[in-house]
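Reading through the structure tokens given below for one structure.
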Amino acid sequence: AEARSMESLEKQLICPICLEMFTKPVVILPCQHNLCRKCANDVFQSRGSSAVPSGGRFRCPSCRHEVVLDRHGVYGLQRNLLVENIIDIYKQESARPLHAKAEQHLMCEEHEDERINIYCLRCEAPTCSLCKVFGAHKDCEVAPLPAVYQRQKSELSDGIAMLVAGNDRIQAIITQMEEICRTIEDNGRRQKQHLGLRFDSLYSILEERKKELLQSIAREQEAKVQRVRGLIRQYGDHLEASSKLVESAIQAMEEPQMAVYLQVCAEGRGITDMSKVSMSSRPEPGYENMDHFSINVDYVAEMLRTIEFQTGA
């Protein structure tokens, strides 16, 4: 019965691809079927399309469920640590002489004709009845071999069950922490995006305010330049008229006939009037100064440097 049980267990540990016992590492597919990682990779690479290092799809060879791989490819599939541990335990158990028939032929080394049928509890070793009566174990406490065998086997079975349960819990914790890592990465990306949007908003406000202030400077600059250029045109016109009068006066000075000269002078009295024109229409001192458009951004810069994440958010 024990041999049949071990054979049944072995059938559950056979890979559907290589038809051999699973080899480490064992990967578990989303459909809960298991494959050797090498076999899973072979299936993935033989899909009929060109092999790629990561990402893609293939079908589970057991149920034909479509398996979607992420950028890690087959290496992104979770290892089935429970199956790997069961394989280790199975191999250890298979290596031991546990069959009843083999035990029937296990004879005592001291008494060759005596079967080993009792267990020394103090020495923790199987022995025969003669060793208890006459031999090295005569002063030791012993127990029937089947009883000790059943007890220790039950203890080992309980230990295996505890180990498997512990491995299940560890695997669940690993899965949970991997999910936490993914959530942290998602939340980090989202907060980076939000932070970028907040700073983009600040950049927009600064650009808009900069545009408004530049327009204020441009308006006053244009107004002052236009006023000064108007005065320049006014003085230019005056200079042109004055130059013509000077030219006429010089020509009059060259007139030899007194009557003609006096007549020309009477017509040229504008020279005196022109010389009396006021020259006070000029920009006041410091008119060209634009220093009143200076701004102090030190306090704003200091405030920007103190931008920090909200506590308790």
(request) Can you tell me which residue among Val148, Val164 is open to solvent by less than 60 Å² (accessible area, probe 1.4 Å) and within 22 Å of Gln78 (Cα to Cα)? (result) Val164
(request) Could you tell me whether Ile180 is in contact (Cβ under 8 Å) with a residue 40 or more places away in the chain, among the β-branched types (Val, Ile, Thr) and over 30 Å from Leu304 (Cα atoms)? (result) no
(message) Checking Gln215 against (1) at pLDDT below 95; (2) open to solvent by less than 100 Å² (accessible area, probe 1.4 Å); (3) not hydrophobic (A, V, I, L, M, F, W, C), only one condition comes out false. Which one?
(response) (1)
(request) Please enumerate the residues belonging to segment 13-29 that are in a loop (DSSP other than H, G, I, E, B), of a type outside the set (Val, Ile, Thr) and over 15 Å from Gln171 (Cα atoms). (result) Leu13, Cys15, Pro16, Cys18, Leu19, Glu20, Phe22, Lys24
(message) Take Ser62 and tell me if it is assigned to a loop (DSSP other than H, G, I, E, B), modelled with pLDDT under 85, over 15 Å from Gln12 (Cβ atoms) and of a type in the set (Ser, Thr, Tyr).
(response) no
(message) Can you tell me which condition Lys224 does not meet? The list is (1) within 25 Å of the chain's Cα centre (by Cα); (2) assigned by the TED database to the domain that holds Glu288, and all the others hold.
(response) (1)
(request) Assess whether Glu124 counts as being of a type in the set (D, E, K, R), open to solvent by 70 Å² or more (accessible area, probe 1.4 Å) and in contact with a strand residue (DSSP E or B) (Cβ under 8 Å, 6 or more places away or on another chain). (result) no
(message) Among the residues of segment 97-105, are any at pLDDT 80 or above, surrounded by 14 or more Cβ atoms within 10 Å (Cβ to Cβ) and either aliphatic (A, V, I, L, M) or within 22 Å of Lys24 (Cβ to Cβ) (or both)?
(response) no
(message) Pull out all pairs, ordered by first then second residue, where Cβ-Cβ is under 6 Å, the residues are six or more apart or on different chains, the first lies in segment 49-72 and is more than 14 Å from Ile28 (Cα to Cα) and of a type in the set (Lys, Arg), and the second is modelled with pLDDT of 80 or more and not in a loop (DSSP other than H, G, I, E, B).
(response) Arg57/Glu66; Arg57/Val68
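The values are calculated or read from the model by the stated rules, or taken from the named source; none is laboratory data. For clarity, every value in this text was computed on a predicted model and none was experimentally measured. Reconstructed Cβ throughout: ideal geometry from the backbone, glycine too, with neighbour counts over all protein chains shown. Surface accessibility is based on the protein's heavy atoms, side chains included, excluding ligands, DNA and RNA. Shrake-Rupley method; radii C 1.70, N 1.55, O 1.52, S 1.80 Å.
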